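These notes concern the structure reproduced below.
The values are calculated or read from the model by the stated rules, or taken from the named source; none is laboratory data. No experiment lies behind these values; they were computed from the predicted model shown. Here the Cβ positions follow ideal geometry from the backbone for every residue, glycine too, while neighbour counts run over all protein chains shown.
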Amino acid sequence: MTKKKILFTDLDGTLLSLNNYSFQQSLSAIEDLKAAGISVVFCSSKTRAEQEYYQEALGLNEPFIVENGSGVFIPRGYFQKPIAWNTYVTDRYEVIPFGKSISHVRKAISSKREEHALDFVVYADLPVRAVADLTGLDEEGSVRAMQRDFSETILKGEVTSRFIEQLDVEGYHNIPGSKFQTIVSKTADKGRAVNVLSALYKTEFGDILTYGLGDSQNDEAMLAAVDHPYLVQRPDNSWIDLNNVQAKGLAGVGPEGFSRLVKEILE
Ligand SMILES: [Mg+2]
């Protein structure tokens, strides 16, 4: 019997082109994966609403991992077998939370911000228009980025090392992104999310084969948790150096590398 295959993939700079967040170049590869019954699981820093947008645009109905491993969203009824994890249910999903809820995160941030008399701003502080100006997203994209379940991003202003240290004591760390830094629960972990989801696939399908694809350092935990880790090229044609994972470098920047891997999987 052939094994059920699952492709865990980063979005920005991997499935999506880095300069315009477009999925056009990955579209036909996604269609090939769907036709072959291979599951595509997004694993990124993006929010539920952002990932839903891409799921819908690509005609996918798969589990996905949000906000840097803070939670796994599984479409209700996706697995026939019960999910043996601590979950909560929404109208569309069973959710496995790894991070603290956004209300806890925001409370911790604002109390420390006040204590240290800092004047940085996060998503929750701003109207849509201001978020759009700071992020370069359009207004609809900004609304999706603002719908946060587990983590907050510092969009403007300075934080101090003392502030970061105190949040660390409370169970949060600071994940630097390409433009902004995000405060995330330490219990959030892309690798753990991939492992838990893989175990669910195993329970459902028996033998599975997992692939992982990313473009940057913050994909390392995801790549460490799969059978076959791969990297796409960065816009300068280089592959990022990973500390502890031997990932295979694909020829092709972003979506071009994504499409190449899909070809390899299908061969
Ligand atoms: Mg990326």
What are the pairs with Cβ atoms under 7 angstrom where one residue, in the stretch 70-83, is closer than 16 Å to Phe205 by Cβ and the other, located anywhere, is of a type outside the set (Ser, Thr, Tyr) and assigned to a strand (DSSP E or B)? Sequence gap at least six, or different chains.
Ile74/Glu94; Ile83/Ile74; Ile83/Glu94
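Identify, from the list Val122, Val89, Val95, Val105, the residue that is out of contact with any helix residue (DSSP H, G or I) (no Cβ under 8 Å at 6 or more places or on another chain), among the β-branched types (Val, Ile, Thr), surrounded by 15 or more Cβ atoms within 10 Å (Cβ to Cβ) and over 20 Å from Leu11 (Cβ atoms). Even if it seems obvious, please write down each step before you answer.
On the way: Val122 fails: out of contact with any helix residue (DSSP H, G or I) (no Cβ under 8 Å at 6 or more places or on another chain); Val89 fails: surrounded by 15 or more Cβ atoms within 10 Å (Cβ to Cβ); Val95 fails: over 20 Å from Leu11 (Cβ atoms).
So the residue among Val122, Val89, Val95, Val105 that is out of contact with any helix residue (DSSP H, G or I) (no Cβ under 8 Å at 6 or more places or on another chain), among the β-branched types (Val, Ile, Thr), surrounded by 15 or more Cβ atoms within 10 Å (Cβ to Cβ) and over 20 Å from Leu11 (Cβ atoms) is Val105.
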The stretch 13-33, subset assigned to a loop (DSSP other than H, G, I, E, B) and among the hydrophobic types (A, V, I, L, M, F, W, C), residue nearest to Pro235 (Cα to Cα)
Leu18
Just one of Ser178, Ser161 is within 13 Å of the ligand (Cβ to nearest atom), closer than 30 Å to Val131 by Cα, of a type in the set (Ser, Thr, Tyr) and surrounded by fewer than 18 Cβ atoms within 10 Å (Cβ to Cβ); which is it?
Ser178
Sole exception among (1) more than 16 Å from the ligand (Cβ to nearest atom); (2) over 19 Å from the mean Cα position of the chain (by Cα); (3) farther than 20 Å from Ala221 by Cβ; (4) touching a residue at least 40 places away in the same chain (Cβ under 8 Å) for Gln25, by number:
(1)
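Among the residues of the stretch 80-117, how many are hydroxyl-bearing (Ser, Thr, Tyr) and under 19 Å from the mean Cα position of the chain (by Cα)? Even if it seems obvious, please write down each step before you answer.
First pass over the stretch 80-117, keeping only residues hydroxyl-bearing (Ser, Thr, Tyr): 87-88, 90, 93, 101, 103, 110-111.
With under 19 Å from the mean Cα position of the chain (by Cα) added as a condition, the list becomes 87, 93, 101.
So the answer is 3.
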If we scan the stretch 81-99, do we find a residue that is within 16 Å of the ligand (Cβ to nearest atom) and out of contact with any Pro (no Cβ under 7 Å at 6 or more places or on another chain)?
no
The condition from (1) assigned to a loop (DSSP other than H, G, I, E, B); (2) surrounded by fewer than 24 Cβ atoms within 10 Å (Cβ to Cβ) that Gly69 misses is numbered (2)
List every residue pair whose Cβ atoms lie under 9 Å apart, where the two residues are 6 or more positions apart in sequence or sit on different chains, the first residue falls within the stretch 208-222 and is at pLDDT 95 or above, and the second residue, located anywhere, is near the ligand (Cβ under 10 Å from one of its atoms) and in a helix (DSSP H, G or I).
Gly212/Asp219; Leu213/Asp219
Are any of the residues in the stretch 1-19 more than 15 Å from the ligand (Cβ to nearest atom), free of Cβ contacts under 8 Å to residues at least 40 places away in the same chain and over 12 Å from Val262 (Cβ atoms)?
yes
Kindly indicate whether Val194 is touching a Ser or Thr at 6+ places or on another chain (Cβ under 9 Å), within 16 Å of the ligand (Cβ to nearest atom) and assigned to a helix (DSSP H, G or I).
yes
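Go through the stretch 181-204 residue by residue and tally those that are free of Cβ contacts under 8 Å to residues at least 40 places away in the same chain and either under 22 Å from Arg148 (Cβ atoms) or surrounded by 20 or more Cβ atoms within 10 Å (Cβ to Cβ) (or both).
First, the residues of the stretch 181-204 that are free of Cβ contacts under 8 Å to residues at least 40 places away in the same chain: 181, 186, 195, 199, 202.
Those left that are additionally either under 22 Å from Arg148 (Cβ atoms) or surrounded by 20 or more Cβ atoms within 10 Å (Cβ to Cβ) (or both): 181, 186.
The qualifying residues number 2.
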With the checklist (1) within 16 Å of the ligand (Cβ to nearest atom); (2) over 25 Å from Asp227 (Cβ atoms) in hand, flag the one item Val66 doesn't pass.
(2)
Looking only at the stretch 221-264, filter to residues that are touching a helix residue (DSSP H, G or I) at 6+ places or on another chain (Cβ under 8 Å) and of a type in the set (Val, Ile, Thr); which one of those is farthest from Ser22 (Cα to Cα)?
Val245
